[in-house]
1. For segment 51-76, which positions are more than 18 Å from residue 99 (Cβ to Cβ), open to solvent by less than 50 Å² (accessible area, probe 1.4 Å) and modelled with pLDDT under 95?
2. All but one of (1) acidic (Asp, Glu); (2) surrounded by fewer than 17 Cβ atoms within 10 Å (Cβ to Cβ); (3) part of a helix (DSSP H, G or I) hold for residue 79; state the number of the condition that does not hold.
3. Quick check on segment 205-257: of everything there that is more than 19 Å from residue 178 (Cα to Cα) and part of a strand (DSSP E or B), which residue is modelled with the lowest pLDDT?
4. Determine which member of the set 193, 203, 251 is open to solvent by less than 10 Å² (accessible area, probe 1.4 Å) and not acidic (Asp, Glu).
5. Would it be correct to say that residue 141 is open to solvent by less than 50 Å² (accessible area, probe 1.4 Å) and among the small types (Gly, Ala, Ser)?
6. Assess whether residue 19 counts as being of a type in the set (A, V, I, L, M, F, W, C), surrounded by fewer than 19 Cβ atoms within 10 Å (Cβ to Cβ) and at negative phi.
7. Given (1) open to solvent by 20 Å² or more (accessible area, probe 1.4 Å); (2) closer than 30 Å to residue 188 by Cβ; (3) touching a strand residue (DSSP E or B) at 6+ places or on another chain (Cβ under 9 Å), identify the lone condition not met by residue 37.
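The values are calculated or read from the model by the stated rules, or taken from the named source; none is laboratory data. Remember, it's a predicted structure, so these values are computed and weren't measured experimentally. Note: ideal-geometry Cβ built from the backbone for every residue, glycine included; neighbour counts use all protein chains shown. Heavy atoms of the whole protein, side chains included, go into the accessibility calculation; ligands, DNA and RNA do not. Shrake-Rupley method; radii C 1.70, N 1.55, O 1.52, S 1.80 Å.
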Amino acid sequence: MIKVPERFAEWRTRVGGAAGRRWVRSLPALVERLRERWDLVVEDAEPLYGGQSLVVLVCRGEQPLALRLTWLEDSVADEARALRAWRGRGAVTLVEAAPEVGALLLERLDHTRSLHALPLPDAAEVAGSLIRTLAVTPPAGLRTLSDVAAGIPETLTRRQRALGFPIPPVWVEAARRHALDWGKTGDKVLIHADLHYGNVLAATRQPWLAVDPRALRGTPEYSVPELMWTRADELHTDADVRRILDIVVSAGELDAEAAHGWTVTRCVDYWLWSLEHGLTIDPARCERILSALARR
């Protein structure tokens with residue numbers, strides 16, 4: 001039986017409450033069932049984890065694979081649809097899927113090397129190129145970006161009020177306006193809505209591949225904002241912020257105004273989410289990005 005890392009168990013319990021605790025406790029038995037179902041050998045290595053998922057290193061025959069188990073509030077079925085649509089082009093290859101239990105069996109990538117290993121300008125160029133590569137015809141059944149955008153204005157206002165108005169109102173109003181402006185425009189393609197530098201790993205068949213997609217049907221510019229805030233500590237001036245945004249936009253052949261608008265909207269949204277979950281570093285990062293873009 002695998003042992004769930006304590007930090008992952010603590011985080012999922014903190015965010016998911018009693019349901020999160022039950023899910024964490026169910027993981028060792030779930031791994032055992034999937035091992036038998038998919039004829040796997042579990043490697044003697046501590047499982048890896050992110051905010052939502054536990055990854056167990058396994059083999060099937062001579063093939064090294066990764067068994068990913070995701071908190072069921074996320075749509076694993078949509079993730080499987082997206083990975084099948086990409087067919088390994090720009091993204092990790094899907095081998096098996098059991099969405100009903102939040103499980104995906106994936107090609108093994110180099111988890112020790114993400115785009116955090118590259119200098120930020122180089123990483124931004126790689127990630128921007130991946131945004132374009134991943135912008136393919138979307139599979140049926142995905143949630144649309146227009147649906148997501150429709151609920152943003154009201155929720156931002158409500159959450160801002162509930163938290164005691166922590167964000168300058170002018171930025172919240174700009175975020176609301178951009179969501180309305182850009183939510184219904186542009187190409188409708190498959191997008192990776194959780195694309196940050198840690199979600200792009202080194203590979204052998206291609207230099208870099210995206211993992212852990214949150215799949216939506218919408219415009220590719222929606223993928224830009226996390227590339228701005230996840231390494232914001234390295235952006236020391238307003239010019240640095242704008243330069244990285246320009247690199248991502250250019251590499252991805254994106255609409256600059258749409259990328260700017262979604263960056264503002266999602267930075268405000270993430271700032272509020274971070275405060276709601278007791279995070280302290282990420283609100284400052286979002287403020288750094290918003291300040292620079294407001295003075296462009």
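1. 51
2. (2)
3. It comes out as 215.
4. Result: 193 is the single residue among 193, 203, 251 that is open to solvent by less than 10 Å² (accessible area, probe 1.4 Å) and not acidic (Asp, Glu).
5. In short, no.
6. So residue 19 passes the test.
7. With (1) open to solvent by 20 Å² or more (accessible area, probe 1.4 Å); (2) closer than 30 Å to residue 188 by Cβ; (3) touching a strand residue (DSSP E or B) at 6+ places or on another chain (Cβ under 9 Å) applied to residue 37, the lone miss is (2).
Conditions tested, residue by residue: (1) modelled with pLDDT of 95 or more; (2) under 19 Å from residue 193 (Cα atoms); (3) assigned to a helix (DSSP H, G or I); (4) open to solvent by 10 Å² or more (accessible area, probe 1.4 Å).
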position	(1), (2), (3), (4)
259	yes, yes, yes, no
262	yes, yes, yes, no
267	yes, yes, yes, no
271	yes, yes, yes, yes
275	yes, no, yes, yes
278	no, no, no, yes
289	yes, yes, yes, no
292	yes, no, yes, no
296	no, no, no, yes
